[in-house]
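Q: To start, I am sharing the structure in question, which I have written as structure tokens.
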């Protein structure tokens, strides 16, 4: 698998990442282990998790598999903190919560550090300097090698990065993890331009439009799909709309013409977008992951990319294009 630098940092990662959101829920330990082996065997290095995935079970499962199946030195671990799964307060960027969460994450993973630690969302009720000081402490104490953010808007991303750059010794914002696919191109308005200016690597989550771009929902909702899962039904529903269906059909047409799967077309498109470092593959089972990994063998012809750009285009205007 090809490797890419993460933003302007010295960290080099595989250009496809492995996600673990369904581990411990719809993905059992045996299948999770098969996914990890298939991914590492394909040359993948970047593994993403979070404390809220299956209420910590995803991290615990990953920790068990790391110990049994791969060397810690062969993978790069991405963890996130700052969401509360059940509390009324959705975002918690307080220093106490973030650092307590990080310590619990390290314990569940069975490691002494993570390679990239990200604030999982902006908390409007906590001062910026308090949230970002937790990133500084995590890096300076050796608990994390690099720091980042996730699901921040453009101005939030730029403010965090500028604050960290303003004083020597602060941990720079190296990466941001945001949703990006042919069905969700909102980050092109402000987030991607901010990342380009600030030297921040982009890790797209749900690059397959929450699974919809695979084409599996073209004629209904399969019983074994996330769209029919009690855990993820609401996650998929926003993309089962007429506008999204038109984009899915365009992807399917391109896939037929190229002799590949719709998933490969959709993944190749987002993988090769300017500023993107590594889309995160959130497969439910090992078969889906192996199929998605085949994208490493293809490059989209420019005319196909332009056609997909056109059919999925989002409106831009003032002030972006003023």
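Q: Confirm whether residue 123 is part of a strand (DSSP E or B) and either crowded, with 19+ Cβ neighbours inside 10 Å or on the phi < 0 side of the Ramachandran plot (or both).
A: No; evaluated as a whole, the condition is false for this residue.
Q: Of all residues in the range 221-251, which are surrounded by fewer than 17 Cβ atoms within 10 Å (Cβ to Cβ), part of a helix (DSSP H, G or I) and either under 24 Å from the mean Cα position of the chain (by Cα) or at pLDDT below 75 (or both)?
A: 228, 233, 234, 235, 237, 238, 243, 245
Q: Can residue 42 be described as surrounded by fewer than 19 Cβ atoms within 10 Å (Cβ to Cβ) and in contact (Cβ under 8 Å) with a residue 60 or more places away in the chain?
A: Answer is yes for this residue.
Q: Whether any residue in the range 199-206 is surrounded by fewer than 24 Cβ atoms within 10 Å (Cβ to Cβ), without any contact (Cβ under 8 Å) to a residue 40 or more places away in the chain and either more than 22 Å from residue 104 (Cα to Cα) or in contact with a strand residue (DSSP E or B) (Cβ under 9 Å, 6 or more places away or on another chain) (or both) is what I want to check.
A: Within the range 199-206, none of the residues are surrounded by fewer than 24 Cβ atoms within 10 Å (Cβ to Cβ), without any contact (Cβ under 8 Å) to a residue 40 or more places away in the chain and either more than 22 Å from residue 104 (Cα to Cα) or in contact with a strand residue (DSSP E or B) (Cβ under 9 Å, 6 or more places away or on another chain) (or both).
Q: Given (1) more than 17 Å from residue 22 (Cα to Cα); (2) in contact with a strand residue (DSSP E or B) (Cβ under 8 Å, 6 or more places away or on another chain); (3) surrounded by fewer than 24 Cβ atoms within 10 Å (Cβ to Cβ); (4) at pLDDT 95 or above, identify the lone condition not met by residue 91.
A: Every listed condition holds for residue 91 apart from (4).
Q: Being assigned to a loop (DSSP other than H, G, I, E, B), in contact (Cβ under 8 Å) with a residue 12 or more places away in the chain, within 18 Å of the chain's Cα centre (by Cα) and under 24 Å from residue 117 (Cβ atoms) is the requirement here; does residue 54 meet it?
A: In short, no.
Each row is one residue, and each column tells you yes or no for (1) free of Cβ contacts under 8 Å to residues at least 24 places away in the same chain; (2) farther than 25 Å from residue 45 by Cβ; (3) over 18 Å from the mean Cα position of the chain (by Cα).
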position	(1), (2), (3)
94	no, yes, yes
128	no, yes, yes
138	no, no, yes
153	no, yes, no
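Q: Could you pull out the residue among 258, 289, 281 that is surrounded by 14 or more Cβ atoms within 10 Å (Cβ to Cβ), over 20 Å from residue 185 (Cα atoms), modelled with pLDDT of 95 or more and touching a strand residue (DSSP E or B) at 6+ places or on another chain (Cβ under 7 Å)?
A: Just a single option satisfies the conditions, and that option is 289.
Q: So is residue 18 in contact (Cβ under 8 Å) with a residue 12 or more places away in the chain, assigned to a strand (DSSP E or B), touching a helix residue (DSSP H, G or I) at 6+ places or on another chain (Cβ under 9 Å) and closer than 17 Å to residue 291 by Cβ or not?
A: Here the answer is yes, as residue 18 does meet what is asked.
Yes/no per residue for (1) within 19 Å of residue 200 (Cα to Cα); (2) surrounded by fewer than 19 Cβ atoms within 10 Å (Cβ to Cβ); (3) in contact with a helix residue (DSSP H, G or I) (Cβ under 9 Å, 6 or more places away or on another chain):
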{"site": "118", "(1), (2), (3)": "yes, no, yes"}
{"site": "131", "(1), (2), (3)": "yes, no, yes"}
{"site": "143", "(1), (2), (3)": "no, no, yes"}
{"site": "147", "(1), (2), (3)": "yes, no, yes"}
{"site": "157", "(1), (2), (3)": "yes, no, yes"}
{"site": "163", "(1), (2), (3)": "yes, yes, yes"}
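Q: OK, next. Give me the residue from the range 177-191 that is out of contact with any strand residue (DSSP E or B) (no Cβ under 6 Å at 6 or more places or on another chain), in contact (Cβ under 8 Å) with a residue 60 or more places away in the chain and under 17 Å from residue 308 (Cβ atoms) and, out of that set, surrounded by the fewest Cβ atoms within 10 Å (Cβ to Cβ).
A: 186
The values are calculated or read from the model by the stated rules, or taken from the named source; none is laboratory data. Just so we're clear, the structure is a prediction, and the values are computed from it rather than from any experiment. Note: ideal-geometry Cβ built from the backbone for every residue, glycine included; neighbour counts use all protein chains shown.
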